[in-house]
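Here's the structure we're looking at; comments come further down.
The values are calculated or read from the model by the stated rules, or taken from the named source; none is laboratory data. Note that this is a predicted model, so its numbers are computed, not measured. Backbone-built Cβ (ideal geometry, glycine too); neighbour counts: all protein chains shown. Heads up: the accessible areas ignore ligands, DNA and RNA and are worked out on the full protein's heavy atoms, side chains in. Shrake-Rupley method; radii C 1.70, N 1.55, O 1.52, S 1.80 Å.
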Amino acid sequence: MLEERGDLEGAVSLFEETLALAPDWDAAHFAFANSLEKLGRIAEAIEHFTAYLRIAPSDDMGAEVRLALLGGLPVPPTLPEAYVKTLFDQYAPRFESALLGELDYRAPFQLRDAVERLRQAPATGERILDLGCGTGLAGEAFRDRAAWLTGIDISPGMIAEAGRKTIYNELKEGELVAALMGGKATYDLVIAADVLVYIGDLAPLFAVLKGAVAPDGLFACSVQSAIEADFTLGAECRYSHGAAYMRRMARETGFETVVMEDAYCRREAGEKVPSLICVFRRMADGAVSFLPALPEDMEPAVPAHPISN
């Protein structure tokens, strides 16, 4: 309450008294660190985020990410699994109203537009996999293309919300790479709308996608744009990825880049978030692409059918 009122000094004083009485209270260490960070007392904030991690190594509250942003730890290759699961379990009941009503979320519709420009679905439909399906917004956007629609999400709360829509033939709970690893099913189209922002190093995901996408199948995804880096971690605890990095990940795992477009998929604090809409085609083993390779420094193409800003 003190922090919400703007009395950070009062909050810090109360946390100090609290931790003197309960030195192993993990949530108090995290909240104390949060207040200290807001006061600019970074070294002390690092100390208490570190104390939280020592007591609660599963890291449901995301201290590792906060430490990375403060320079207390290296940037992790992905967000902690327990943190992402907890975050979206809490977020699930208001997820759609927040995304569509407050954040101007549009990634599923941009991905659908890009896929439609490449090819129409066959009359018999496609096998489609929705990675990080959330409450089913992307599933709804692609349902009419699907003969079979599978959704995977790390959050039981999100899976429950998606199940209420009755649009999926199959829903699976699990971390994406682990869920795909060793799987026998292949898909004509795999989509990942606003999902890769929670994964920094995409090499493990692309490696398992090679077995999940059928030859000549598509992987369509959105990412936040990083200008001159493979990936970076932003203050909002979301990763951004570079266009050259995305093309390299695709090329090294048997995909060719068929769409790479500038976009904005959502807003953050009212500002448009620079993003990329990407579609990669899975080449048959030993196949040679007849499309010209995109130069590493090439600016993303302008969409053939731009979506209004």
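Structure summary
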read-out: Candidate set: the range 131-186, residues that are loosely packed, with under 15 Cβ neighbours inside 10 Å, of a type in the set (A, V, I, L, M) and without any contact (Cβ under 8 Å) to a residue 24 or more places away in the chain; chosen: the one nearest to Gln110 (Cα to Cα); value: Ala147
read-out: Test: residue in the range 22-41 that is part of a helix (DSSP H, G or I), at pLDDT 95 or above, out of contact with any Phe, Trp or Tyr (no Cβ under 7 Å at 6 or more places or on another chain) and among the aliphatic types (A, V, I, L, M); value: yes
read-out: For Arg247: the one exception among (1) assigned to a loop (DSSP other than H, G, I, E, B); (2) at pLDDT 95 or above; value: (1)
read-out: The range 18-38 residues that are closer than 15 Å to Glu64 by Cβ and open to solvent by 30 Å² or more (accessible area, probe 1.4 Å), paired with ones that are part of a helix (DSSP H, G or I) and not aromatic (Phe, Trp, Tyr) (beta carbon under 6 Å, 6 or more apart); value: Asp26/Ile55; Glu37/Ala45
read-out: Residue in the range 37-60 that is farther than 21 Å from Gly200 by Cα, of a type in the set (Gly, Ala, Ser) and touching a Gly at 6+ places or on another chain (Cβ under 6 Å) present; value: no
read-out: Residues that are open to solvent by less than 20 Å² (accessible area, probe 1.4 Å), among the hydrophobic types (A, V, I, L, M, F, W, C) and modelled with pLDDT of 95 or more, drawn from the range 250-289; value: Ala250, Phe255, Val259, Met260, Leu276, Ile277, Cys278, Val279, Phe280
read-out: Restricting the range 39-78 to residues that are of a type in the set (Val, Ile, Thr) and over 23 Å from the mean Cα position of the chain (by Cα), the residue that is farthest from His241 (Cα to Cα); value: Ile55
read-out: Close pairs (7 angstrom Cβ cut-off, 6 or more residues apart or separate chains): within 14 Å of Leu53 (Cα to Cα) and basic (Lys, Arg) in the range 74-90, open to solvent by 80 Å² or more (accessible area, probe 1.4 Å) and assigned to a helix (DSSP H, G or I) anywhere; value: none
read-out: Which listed residue is open to solvent by 70 Å² or more (accessible area, probe 1.4 Å), among the charged types (D, E, K, R) and within 22 Å of Val223 (Cα to Cα), from Glu47, Glu116, Glu81, Glu96; value: Glu81
read-out: Answer from Pro204, Pro215 - the residue that is under 19 Å from the mean Cα position of the chain (by Cα), open to solvent by 40 Å² or more (accessible area, probe 1.4 Å) and not basic (Lys, Arg); value: Pro204
read-out: Test result for Pro292, within 26 Å of Arg106 (Cβ to Cβ), in a loop (DSSP other than H, G, I, E, B) and modelled with pLDDT under 90; value: no
